[in-house]
1. Condition check: modelled with pLDDT under 85, in a loop (DSSP other than H, G, I, E, B) and more than 18 Å from Y31 (Cβ to Cβ). Does E141 satisfy that?
2. Of everything in the range 150-167, what is modelled with pLDDT under 80 and within 15 Å of N32 (Cβ to Cβ)? Give them in sequence order.
3. Within the range 92-126, track down each residue that is more than 16 Å from the chain's Cα centre (by Cα), open to solvent by 50 Å² or more (accessible area, probe 1.4 Å) and either within 14 Å of S28 (Cβ to Cβ) or at pLDDT below 90 (or both).
4. Only residues that are out of contact with any strand residue (DSSP E or B) (no Cβ under 6 Å at 6 or more places or on another chain) and free of Cβ contacts under 8 Å to residues at least 60 places away in the same chain: list them for the range 61-89, please.
5. From the list R10, R83, R60, which one is at pLDDT below 85 and of a type outside the set (A, V, I, L, M, F, W, C)?
6. Within the range 72-83, does at least one residue satisfy the condition of being of a type in the set (D, E) and either open to solvent by 40 Å² or more (accessible area, probe 1.4 Å) or part of a loop (DSSP other than H, G, I, E, B) (or both)?
7. So in the range 97-129, with the set limited to residues that are in contact with a helix residue (DSSP H, G or I) (Cβ under 9 Å, 6 or more places away or on another chain) and without any contact (Cβ under 8 Å) to a residue 60 or more places away in the chain, which one is nearest to N32 (Cα to Cα)?
Amino acid sequence: MARLQAWTLRAPQAMTPFDTSDDEAEASLLYNVVYCSRASADVDDAAVTRIIETSQRRNRERSITGLLVFGSGIFFQWLEGPREQVEQLMALLKTDARHREVVSLSESEEVRERMFTDWDMERVSPDDIRDVLEDALESAEDPCNAKVLALLLEHLDSGQLRELSAA
């Protein structure tokens, strides 16, 4: 888990609606969506940094956690939280002009612990996503989380992202 913790880009903030300490970690009904999309031509690293900053603030208010991978003009995102909040966010994302060709890779709702408890939204580079997911899988105590992480690694290995970037 050491590498996974190293990817947390900042110390956890004050308690938010989805923060729990290790002693208080508990499973709850979570809806999650994994998708990829093609960035618009004007999206650069500075734009992605602004997206992350805005997402951190807004997602905290909505009890949404997740991660965003950006590279080669492709977004790959994991979102989890209350169904209504995640669905509202996805509706907004589908109309966001900063990307197009939103492809849903996975949607599920189940009782489990949050995958990224303290990450209201963090950016992970494409070169590092495999390490982050593998480390999370190795340290996953919740069987549902282990299943989801394995599924994410399958999506990564399936070539779906390569196909989108080549289109």
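The values are calculated or read from the model by the stated rules, or taken from the named source; none is laboratory data. Note that the structure is predicted; figures quoted are calculated from it, not measured. Backbone-built Cβ (ideal geometry, glycine too); neighbour counts: all protein chains shown. In case anyone asks, the SASA skips ligands and DNA or RNA and just uses the protein heavy atoms, side chains included. Shrake-Rupley method; radii C 1.70, N 1.55, O 1.52, S 1.80 Å.
1. Yes, satisfied.
2. L151, L152, H155
3. Hits for the range 92-126 are E101, V111.
4. Listed by number, the residues that qualify are E61, R62, F70, G71, P82, E84, Q85, E87, Q88, L89.
5. Exactly one residue qualifies, and that residue is R10.
6. no
7. Checking each candidate, the answer is F116.
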